[in-house]
Structures are given as structure tokens and as C-alpha cells.
Amino acid sequence: MDLAPNAKDDLRSRARDLRKQGLDYEEIVAELGVSKSSVSLWVRDLPRPPGLSYEECRKRSAEGVRKYWAAERPAREAERQAISTAAAAQIGPLNDRELIIAGAIAYWCEGAKNKPYRRTDRVIFMNSDPALIGFFLRFLDVAGIESKDLIYSVQIHETADVDAAQRFWLDLTQADPAQFRRATLKRHNPKTVRKNTAGDYHGCLRIDVRRSSALYRQIEGWAAAAMAGTAGWGESALRRPEASV
């Protein structure tokens, strides 16, 4: 009487083939998803494969890393996207007051500020992120600044496509071309290994607001109010009862 084929016959055959190729037990387990005891039972009659050369060990290690990230990267990206989407849903559309608060803090992080030894009270904002530039323009609009009172200038490496960058920022801002000053070129340093060389590199856009002393003082006040009471926050948090639990 013929016996029905065992469900693991195929796995056993593949395990033996992999062992003949020189894979060790752990590698066969990872490849087939079976227990180490099963692999040992299936291949223990086969001779131990010869030791691998240094180059072969490196090659196999690199292949293992590649396989791991091929499976892990999509899962991590999906998790990242889910967290980002949920966080965005928490915010929703911003009202004017929220735009003022967020814009003032953004400026206090990225904009030009007075020095203790020199007070200029000028609003100058520069960044390479198109989304942040667009947000700052929304902030200026809510703050009552007319678009005609803005001056733009591109700062970019001389090896980049300067004309394309000018067109990109002009399209983004929807400004009058006359509001754009000549681009400021950053001299190329051959010793510096730059990463921002792809087609989506457009340099930085600088925004100067004409007659902006009053706006600067407002931003100073808005930012101070938003940050009020935060000094020493870390120390007070450590003193909370739950922090010692």
C-alpha cells in the first residue's frame, strides 16, 4: 500500500538542498521558517559543509541584511505613515489665532532675530522647505502683511540650476517677478560632499518684509506669550509625584 506523502517532505527536500549549498542550521531555519530540531533531523546525515571564506561570509551577511530590510522597511513605513496621519487628524484646519501662534514660533526658530548688541527689528525668514515657506506666507497674510511688501531672493549653490530654482520659487509664491532679487550663489567647495544635489534641490528662499519693525515686535510678543511659563518646565516635571513612581 502506497503511503500518502508527508506534508513536510517538500520542506525536508529543500532543507537538504540548502545544506548541500553550504547553509548552516540557523540560515536554513530562517529560510524555511521551521524549527532547528526539524532541520537537524532532516540533514544530520549530510556532511558538514566546509568553512566559508571571509568574502563569502560578508556576501551572505549582506544578503541577510538586504532580505531583512526588504520585509521590514515597508512595515516601518506603514507604521510611520499611520502615526503621521493620525497626528495630522488631531490638528485639523488652523484658525487665525492658531496660525499666528504657530507662525510666530516658526519665525523664532528660523527667522532673523535681534542681537543683544544690535537691534534691527527686521523680519527676515529663510528656509529650503517649500511647505514651511508656504506656511510662513499664510502667516504673513493673517498678520496683515500685503504680498507687495515682500522681497524674495534665492540662495543656492553655484553648481545647481539657478534659473530652474528661481522659477520654482516664483511658482510657489505666485509673486511678481520684480519682487525677486538676483540669486545669491554659494561657492562650490570640492572638499564638501553634498547630499542636496538631486532634481528637487531648489536652494533656500529668503523673504524680507519691507517696513517690518512693527511686525517684528509683534512676533516677539506673540512668541514670548506662547512660550511664557515654560522656563524650568523640565525641572518641575521631575518634581511631579508621578515622576517618582
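Throughout, read-outs are computed from the coordinates displayed, never taken from laboratory work. These numbers were taken from a predicted model, which means no experiment stands behind them. So basically every Cβ, Gly included, is an ideal-geometry build from the backbone, and we count neighbours across all protein chains shown.
To the nearest 20 Debye, how big is the dipole of the range 48-131 about its Cα centre, given +1 on the beta carbon of each Lys and Arg and -1 on that of each Asp and Glu?
That gives a dipole near 400 debye.
Compute, for the range 9-83, the length of the dipole vector about the Cα centre, with Cβ point charges of +1 (Lys, Arg) and -1 (Asp, Glu) only. Units Debye, rounded to 20.
Computed charge dipole of the range 9-83: roughly 100 debye.
Around Arg19, under 13 Å between beta carbons, what's the net of Lys plus Arg minus Asp minus Glu among the other residues?
+1
What does the convex hull of the Cα atoms of the range 96-228 come to per residue, in Å³, rounded to a whole number?
Output value, Cα hull per residue: 134 Å³.
Taking loop as defined by DSSP and a crowding limit of 12 other beta carbons within 10 Å, which trypsin sites (Lys or Arg not before Pro) in the range 76-182 fit?
When the trypsin sites (Lys or Arg not before Pro) of the range 76-182 are filtered for loop state and at most 12 Cβ neighbours within 10 Å, Arg119, Arg181, Arg182 remain.
Just how many pairs of Lys in the range 96-228 have C-alpha atoms closer than 30 Å, counting pairs that are eight or more places apart or on different chains?
The number of close lysine pairs in the range 96-228 is 7.
Expected output is a single nm value to one decimal: the length gained when fully extending between Arg211 and Glu72, i.e. 0.36 nm times separation in residues minus the C-alpha distance. What is it?
Gain on stretching Arg211 to Glu72: 44.8 nm.
Do any chymotrypsin sites (Phe, Trp or Tyr not before Pro) in the range 114-181 lie in a DSSP loop with no more than 11 other beta carbon atoms within 10 Å, and if so, which?
Within the range 114-181, the qualifying chymotrypsin sites (Phe, Trp or Tyr not before Pro) (loop, at most 11 other Cβ atoms within 10 Å) are Tyr117.
Just to verify a number: FRET efficiency for Lys115 and Asp24, C-beta to C-beta distance, R0 = 41 Å, to 0.05?
Here the calculated transfer efficiency is 0.05.
Between the range 119-192 and the range 45-92, what is the C-alpha centre distance in whole Å?
Spelled out, the Cα-based centre of one part sits 40 Å from the other.
Read phi for every residue in the range 10-21 and hand back ³J(HN,Hα) as whole Hz from Karplus 6.51 cos²θ - 1.76 cosθ + 1.60, θ = phi - 60°, with x for Gly and Pro.
Once θ is set to phi - 60°, the couplings for the range 10-21 become 5, 5, 4, 5, 5, 4, 5, 5, 5, 5, 5, 7 Hz.
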